[in-house]
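K.L.:
Sharing a structure here in structure tokens format.
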Amino acid sequence: MPSRPQAAVEHDIQEWCITSSGTFQKTYVETDKVWVLKYMPARFLKSFLSAKRMSISATPGFTWGDGIYVTPLLHPYSTMMYGRAGVMGWLPWTSRQQAYDATGRGLDLYLEWIQYFRGPYKYLATTLHANLANRALRNAFRRKFKIDVVFFPPDQVNQAYVNPSTDRWLVVSDWSGAGPQAPGQRPVQSDRIKECEWVAMVEEEFEESVWKVHYSDLFRPVLHGTTLMPQNPMLQSDLRNAYSQKRAGSQGVVRIEA
Amino acid sequence: MPDLYTSLTARYIEEHFRGVSPAASDVALEWMELQLAASCETGADERYLLEQYLGLTNDELQALPPPVHAWFLERWALAGPGTDDPEGVAQLGERIATMYLLAGPGIHQAAAVAALLAFDQKREQGPSHATRIWDLVTRIVPVEAHATTLAPLIEALLDFVYLTAENGAVLRALGDIARRDAHTRYALELMRERIAMVGEEREGPVARLVATFEQ
């Protein structure tokens, strides 16, 4: 049984949205854009290039429900274990939009809020259908509070390329075409991330651990031994240049070396 | 299962919901979405699949695992009835209400309720399609199991009241259920419990609804 009225929790969530949006604006917004990256398996590159749009993820196991999962350009290495083809685009951002920081207090408030929803909460806590229940609750939370972006720490890691304490991943909401009570979205292509272009090719191979928490990188240890190599500080600007050239009609991509 | 395409889709959904990593499942489902969109001209698109699913025999439906039911029922909640013919909508609504019972307890029951609420969006008069579940349960389930069988319906509607910003249609459905509950009192009891749990004040949406039935 929750210890305080739902309205009080929801008031605190709304306040947290204001705080989070300020943090998000300061950290990731450049004038009115958030530059983002997504890495996808090379076998999907051809279909990406035909539409140049990112897709809405709608599989129940995703961290914050249905949406477009991307990384800010600020953390260009952070999700490259998910695929060798890096695509880049931008999310328009105005002061009317809301972000939610899903760390610390943000996480505590979410955990408090879900306890009011006996249907999914029961299945989440007591059955093997937790993924389905989690997805329903995460989607409902983001829809109820009109959250455009949740930013959260990585929940799958690699010791060389992911820094869970400083990196943040984003899920961008797109509920277009979903009725008010629809529990989720379809994996359709979204227009929320604008002017997407293929900008990078990853020269590294990863292997997922049995528990799906950790990815081992396979080329870097062979090439460089056990020492962790410093990341290329120019990668962000290289990706920006590649993007500008792509928009201007050039064909080149950045090779991200192991 | 007579329809191979539907059977393969069901297996595909189950496999990808349960197996490998979410990222791999996601790209697989995305691929399926592209195939469905591309199949539009051949007639084997999403609407075809959804109708084939409801057309399966009860034995076939009971053999399907919960993630498959969740996928199909959620698609119904996204797609709506797809027809304006009242008789056609009624038949689909009746079958979705049956799914609530056939698929057994689980989160997919909330998806069945969501699908029926999506059917309400074009409805201008008459009770909510969600009442079909109530009517079905009270008609075919033994009296001693009514309360437990109906609880997920009422809980799902209450969840939707507090989960969604636009809750007018849900409150109307809950009101229709409460009217049917005048003698049984399964719903009103759960509504009172929920009011206490969320700390809703007298002017809150569910508190006002309950008050109308207590006068």
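K.L.:
What relative contact order, as a whole-number percentage, does chain A give when Cα pairs under 8 Å and 6 or more residues apart are counted? Write out the running numbers ahead of the final one.
P.N.:
Working: 440 pairs, mean separation 63.0, N = 258.
Relative contact order of chain A: 24 percent.
K.L.:
Hey, got the dipole for segment A:85-197? About the Cα centre, +1 on K and R Cβ, -1 on D and E Cβ, debye to the nearest 20?
P.N.:
With only Lys, Arg, Asp and Glu charged at Cβ, the dipole is about 520 debye.
K.L.:
Report, in deg cm²/dmol and to the nearest 500, the calculated mean residue ellipticity at 222 nm for the protein assembly as shown, where each DSSP H run with n ≥ 4 adds -39500 (n - 2.57) and the sum is divided by the residue count.
P.N.:
-15500 deg cm²/dmol
K.L.:
Here is a further query. For segment A:1-108, which trypsin sites (Lys or Arg not before Pro) pass both filters: DSSP loop (anything but H, G, I, E, B) and at most 10 other C-beta atoms within 10 Å?
P.N.:
For trypsin sites (Lys or Arg not before Pro) across segment A:1-108 that sit outside H, G, I, E and B with at most 10 neighbouring Cβ atoms in 10 Å, the list reads A:Arg96.
K.L.:
Can you give the charge dipole size of segment B:135-215 about its Cα centre, rounded to the nearest 20 debye, using +1 on the beta carbon of Lys and Arg and -1 on the beta carbon of Asp and Glu?
P.N.:
Around 220 debye, computed over segment B:135-215.
K.L.:
In debye, nearest 20: dipole of segment A:6-257 around its Cα centre with unit charges on the Cβ of K, R (+) and D, E (-)?
P.N.:
Working: 28 positive and 24 negative charges, 159 e Å.
I would put it at about 760 debye.
K.L.:
Under a point spin-label approximation (7 Å from Cα along Cα-to-Cβ), what is the B:Gln121-B:Ala90 distance to one decimal in nm?
P.N.:
Distance between the two pseudo-spin positions: 2.3 nm.
K.L.:
Still on this model: Could you report the buried accessible area between B and A, both sides summed, computed with a 1.4 Å probe and given in Å² to the nearest 100?
P.N.:
For chain B against chain A, roughly 3900 Å² becomes buried.
K.L.:
Taking amide H positions as placed 1.01 Å from N in the peptide plane, with prolines and chain starts having none, which residues 5 or more places from A:Val199, or on another chain, fall under 5 Å of its amide H?
P.N.:
A:Gly86, A:Val87, A:Met88
K.L.:
What are the residues of segment A:6-53 that lose 30 Å² or more of accessible area, with a 1.4 Å probe, going from their chain alone to all protein chains?
P.N.:
Flagged in segment A:6-53: A:Gln6, A:Phe44.
K.L.:
Under 24 Å from the Cα of A:Lys246, which lysines turn up, not counting those fewer than eight places away in the same chain?
P.N.:
Straight-line reach from A:Lys246, under 24 Å: A:Lys33, A:Lys38, A:Lys46, A:Lys52, A:Lys194.
K.L.:
Oh, and also: Determine which aspartates and glutamates satisfy two conditions relative to A:Lys122: a Cα distance under 18 Å, and not lying fewer than 8 residues away in the same chain.
P.N.:
A:Glu112, B:Glu155, B:Asp159, B:Glu193
K.L.:
Projected onto the charge dipole of the protein assembly as shown (+1 at Lys/Arg Cβ, -1 at Asp/Glu Cβ, origin at the Cα centre), which of B:Leu61, B:Val143, A:Ala7 gives the Cα projection farthest towards the positive end?
P.N.:
After comparing all options, I get A:Ala7.
K.L.:
Now for a separate question. Give the carbon-plus-sulfur fraction of the accessible surface of chain A in %, rounded to a whole number; probe 1.4 Å, heavy atoms of protein chains only.
P.N.:
Result for chain A: 55 percent of the exposed heavy-atom area is carbon or sulfur.
K.L.:
Same structure, new question: Just want the answer: with Cβ charges of +1 for Lys and Arg and -1 for Asp and Glu, which residue in B:Ser128, A:Ala242, B:Val170 is farthest toward the dipole's positive end in the protein assembly as shown?
P.N.:
A:Ala242
K.L.:
Suppose we compare each residue of segment A:115-159 in its chain alone and in the full protein complex with a 1.4 Å probe; which ones drop by at least 40 Å² of accessible area?
P.N.:
Residues of segment A:115-159 that lose at least 40 Å² of accessible area once the other chains are added: A:Tyr116, A:Phe117, A:Arg118, A:Tyr123, A:His129, A:Leu132, A:Lys144.
K.L.:
What do you get when you divide the Cα radius of gyration of chain A by 2.2 N^0.38 Å, with N the number of residues?
P.N.:
1.04
K.L.:
List the residues of segment A:56-71 that lose 40 Å² or more of accessible area once all protein chains are present, compared with their chain alone (1.4 Å probe, heavy atoms only, no ligands or nucleic acids).
P.N.:
Those are A:Thr59, A:Phe62, which lose 40 Å² or more relative to the chain on its own.
K.L.:
Would you mind working out the accessible area per residue for chain A, using a 1.4 Å probe, and quoting it in Å²?
P.N.:
It amounts to 45 Å² per residue over chain A.
The values are calculated or read from the model by the stated rules, or taken from the named source; none is laboratory data. Keep in mind that what you see is a predicted model, and the values were worked out from it rather than measured. Every residue, glycine among them, receives a Cβ derived from its backbone with ideal geometry; neighbour counts consider all protein chains shown. Calculation scope for accessible area: heavy atoms of the full protein, side chains included, ligands and nucleic acids excluded. Shrake-Rupley method; radii C 1.70, N 1.55, O 1.52, S 1.80 Å.
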